[in-house]
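The values are calculated or read from the model by the stated rules, or taken from the named source; none is laboratory data. Everything numeric in this text was worked out from a predicted model, so none of it was measured. We place every Cβ from the backbone using ideal geometry, glycine too, and count neighbours over all the protein chains shown. Heads up: the accessible areas ignore ligands, DNA and RNA and are worked out on the full protein's heavy atoms, side chains in. Shrake-Rupley method; radii C 1.70, N 1.55, O 1.52, S 1.80 Å.
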Amino acid sequence: MKISINSFIQEQDKSEQVSTEIEKFQTNPRFEFVTKLSEEYYPQQCVDIFNKYSDRRDFIQVGIGGSALGPEMLVSALKKDMKRRIYFFNNIDPDDTNQLLESIDLKNSLIYVVSKSGGTAETLASFAILANELVKSGIKEEEFKNYFVFASDPETSQLRELGDELGITTLDIPTNIGGRFSVLTPVGLLPALFAGIDIHALCKSGLEYGHSLKESQEFKEVTNTFLNHQEQGYDQTVIMPYSSKMKNFAYWFVQLWAESLGKKKEDGSRIGLTPIPSYGATDQHSQMQLFMEGPLNKVMLLIHVKEFENDFRLSNSFNHPKLQKLGKYTLKNLMDSEFYGTQKALEEQKVPHITFEIEKLNEQGLAKLIVFFEYLTAITGYCLNIDPFNQPGVEAGKIYSFEWLDNL
């Protein structure tokens, strides 16, 4: 993966601080989002489930936040099995739930219920609805073990206890890997298998690249750039992949960045780098005006795919000046022209931007991007003197939600 940095401010050298945090992180249990990739146990759990239920036409993932955003990102970017349908119950909108249920053949489905804590209200609500629908279709509760698979913490989880009670297999989400860092655990690996994705290639690439970042000068420079810009008021981060198949990558990054780096510090002060999802070339016709000429408070992350799997020639016989001009190019030429044109315009406007280029959108390239941004999030958080792995603001909202329900 190639990385280039375009900064237009005077930067201080924070490499010593960054290197110190990287060194400390090597023995931090939270680093397991890389080290656990070496353990065959987790992908093998998923392979065993896939082999048992590979004849199912539909795969349904039930989860929210990190239990859905990462898997959706993997499937939308890399799905190869176009015959199997994959659905995500990732919210509690009643109308959307009804529309999904009308589309699914539940008797020919495997339903994957994912909750790290085992007590996520939204996830349990969708599980209850799907269980009720199965009963309506004639499936008895003692048969649920043939339709459901759970994933949860291996040690303390009410969902695991329910799975044991019903005889439902429960896959392990490593204890030290939080939801937004869990995409390369069984959370994302099982749906990836049902989508025809090579999960061993994902894990191998992520593991090797993750360990290489310790010595990566590029990584240290990217972190240094973020720290310097944050100090000078650049408190927004735009993520903009030039690929429709990576649109969900931007939404995955939003949770990773926002939930990790938006925190109230011990002294009561607040800090955060607000993420903005975007994708090219579509958002050049919606958000780009703001990015170019709006406030200089954004660092832009551009992702470029060097080679697409397909391409289309734009040759045509129409008597139209612009169509005639396009006729000697391909769709990939046009996409590249939009990307490089944006880069040049950002330079002219002195908008800071960092470009990531992968050879192809495949398991190897996507795994590198995933691990890079997970690693960047962790080290940036520690350099800002916050815990990038907790989410007390989210927990408070959960408590108040249940208080409201109790008062109904």
**Study point:** For Asp105, net neighbour charge (Lys/Arg +1, Asp/Glu -1) across residues whose Cβ lies under 15 Å away
**Key:** +3
Revision key, fill the gap. Sorting Phe148, Gln61, Leu124 by the position of each Cα along the dipole of the chain (Lys, Arg +1; Asp, Glu -1; all at Cβ), the one nearest the positive end of that ordering is Gln61
Exercise for review: Please provide three numbers in whole Å: the alpha-carbon extents of the range 266-380 along the principal axes, with the largest listed first.
Suggested key: 68, 36, 19
Check your understanding: For the pair Asp235 and Glu32, how long in nm is the line joining their label points, each one 7 Å along Cα→Cβ?
Key -> 3.4 nm
Review point. In what sequence, highest mean first, do 246-252, 130-136 appear when ranked by Cβ atoms within 10 angstrom?
Key: 246-252, 130-136
Review point. Where does helix 363-383 land angle-wise versus the long Cα axis of the chain, in degrees 0 to 90, nearest 10?
Key: 80 degrees
**Study point:** Distance between modelled label sites at Asp81 and Ser103, nm, 7 Å Cα→Cβ extension
**Key:** 1.8 nm
Review point. Counting Lys and Arg as +1 and Asp and Glu as -1, each charge on the Cβ, what is the dipole of the chain about the Cα centre in debye, to the nearest 20?
Key: 1320 debye
Point to revise | Accessible carbon and sulfur surface of the chain relative to its total accessible area, %, 1.4 Å | key: 49 percent
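What's the magnitude of the charge dipole for the range 87-132 around its Cα centre, counting Lys and Arg as +1 and Asp and Glu as -1 at the beta-carbon? Answer in Debye, nearest 20. Mind dumping the intermediate values first?
Details: 2 positive and 6 negative charges, 60 e Å.
Computed about the Cα centre, the dipole is about 280 debye.
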Revision key, fill the gap. Measuring from the longest principal axis of the C-alpha atoms of the chain, the long axis of helix 392-406 (C-alpha) lies at a number of degrees, nearest 10, equal to 40 degrees
**Study point:** Under 16 Å from Lys350, Cα to Cα: lysines that are on another chain or at least 8 residues apart
**Key:** Lys298
**Study point:** the chain: Rg to Rh, with Rh as the Kirkwood radius over Cα pairs
**Key:** 0.99
Review point. On full extension of the chain, what length is gained from Ile271 through Asp96, given 0.36 nm per residue of separation minus the C-alpha to C-alpha distance?
Key: 59.5 nm
Revision key, fill the gap. Taking every DSSP bridge whose two residues both lie in the chain, the antiparallel percent to the nearest 5 is 20 percent
Check your understanding: So how tilted is helix 247-261 from the main axis of the chain? Cα-based, degrees 0 to 90, rounded to 10.
Key -> 90 degrees
Point to revise | Centre separation in Å (Cα based) which lies between the range 185-226 and the range 129-154 | key: 33 Å
Point to revise | Candidates Lys80, Lys116, Lys52: whichever shows maximal mean-square fluctuation once the chain is modelled as a Gaussian network with Cα springs under 10 Å | key: Lys52
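Quick one: which of 346-353, 94-101 comes out on top by average Cβ neighbours within 10 Å, and what's the full order, highest first?
The peptides rank, most packed first, as 346-353, 94-101.
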Review point. Taking +1 at the Cβ of each Lys and Arg and -1 at the Cβ of each Asp and Glu, which of Leu189, Asn28, Phe312 sits farthest along the dipole of the chain towards its positive end, judged by Cα position relative to the Cα centre?
Key: Phe312
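Just subtract the alpha-carbon distance of Leu166 and Glu142 from 0.36 nm times their residue separation and send over the number in nm, one decimal.
Stretched fully, the Leu166-Glu142 segment lengthens by 8.0 nm.
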Exercise for review: With a/c under 1.5 counting as rounded, go ahead and sort the range 271-322 into rounded, prolate or oblate using the C-alpha gyration tensor (a ≥ b ≥ c being the square roots of the eigenvalues; past the cut-off, prolate if a/b is larger than b/c, else oblate).
Suggested key: oblate
Study note, to complete from the structure: In whole Hz, the Karplus estimates of ³J(HN,Hα) for the range 333-343 (6.51, -1.76, 1.60; θ = phi - 60°; x where Gly or Pro) are 4, 5, 4, 5, 5, 5, 5, 5, x, 5, 4
Revision key, fill the gap. If each part is reduced to its alpha-carbon centroid, the range 241-260 and the range 3-60 end up apart, in Å, by 15 Å
Check your understanding: For the chain, what is the relative contact order in percent, using Cα pairs closer than 8 Å and at least 6 residues apart in sequence?
Key -> 22 percent
Check your understanding: In straight Cα distance, which aspartates and glutamates are under 18 Å from Lys2, not counting same-chain residues fewer than 8 positions off?
Key -> Glu208, Glu215, Glu218, Glu221, Glu307, Asp336, Glu357, Glu359, Glu363, Glu374
Check your understanding: In the chain, with Lys and Arg counted as +1 and Asp and Glu as -1 at Cβ, which of these residues, Phe50, Leu323, Gly268, has the Cα nearest the positive end of the dipole, that is, farthest along it?
Key -> Leu323
Review point. Based on the Cβ-Cβ distance from Lys344 to Glu307, what FRET efficiency comes out when R0 is 22 Å, to the nearest 0.05?
Key: 0.50
Review point. Using 1/(1 + (r/R0)^6) with R0 = 45 angstrom and r between the beta carbons of Gln324 and Glu40, what's the FRET efficiency to the nearest 0.05?
Key: 0.20
Point to revise | Student exercise, the range 91-165 dipole from Lys, Arg, Asp, Glu Cβ charges, in Debye to nearest 20 | key: 180 debye
Revision key, fill the gap. The chain accessible area per residue, 1.4 Å probe, protein heavy atoms, integer Å², reads 47 Å²
Point to revise | Additional length obtainable on full extension of the chain from Arg57 to Asp387, 0.36 nm per residue less Cα span | key: 114.6 nm
Check your understanding: What is the range 113-272's relative contact order, in percent, from Cα pairs under 8 angstrom and six or more apart in sequence?
Key -> 15 percent
Exercise for review: Give Lys14/Lys214; Lys247/Lys360; Lys214/Lys263 a once-over and call out the pairs whose C-alpha atoms are over 22 Å from each other.
Suggested key: Lys214/Lys263
Practice item. Identify the residues of the range 350-373 with backbone N under 19 Å of a label point that sits 7 angstrom from the Cα of His200 along the Cα-to-Cβ direction, or state none. Key: 362-368
Revision key, fill the gap. dims of the range 183-276, Cα set, principal axes, largest to smallest, nearest Å -> 46, 31, 28
Check your understanding: Reachable lysines from Lys140, Cα under 24 Å, same-chain residues fewer than 8 places away excluded?
Key -> Lys52, Lys107
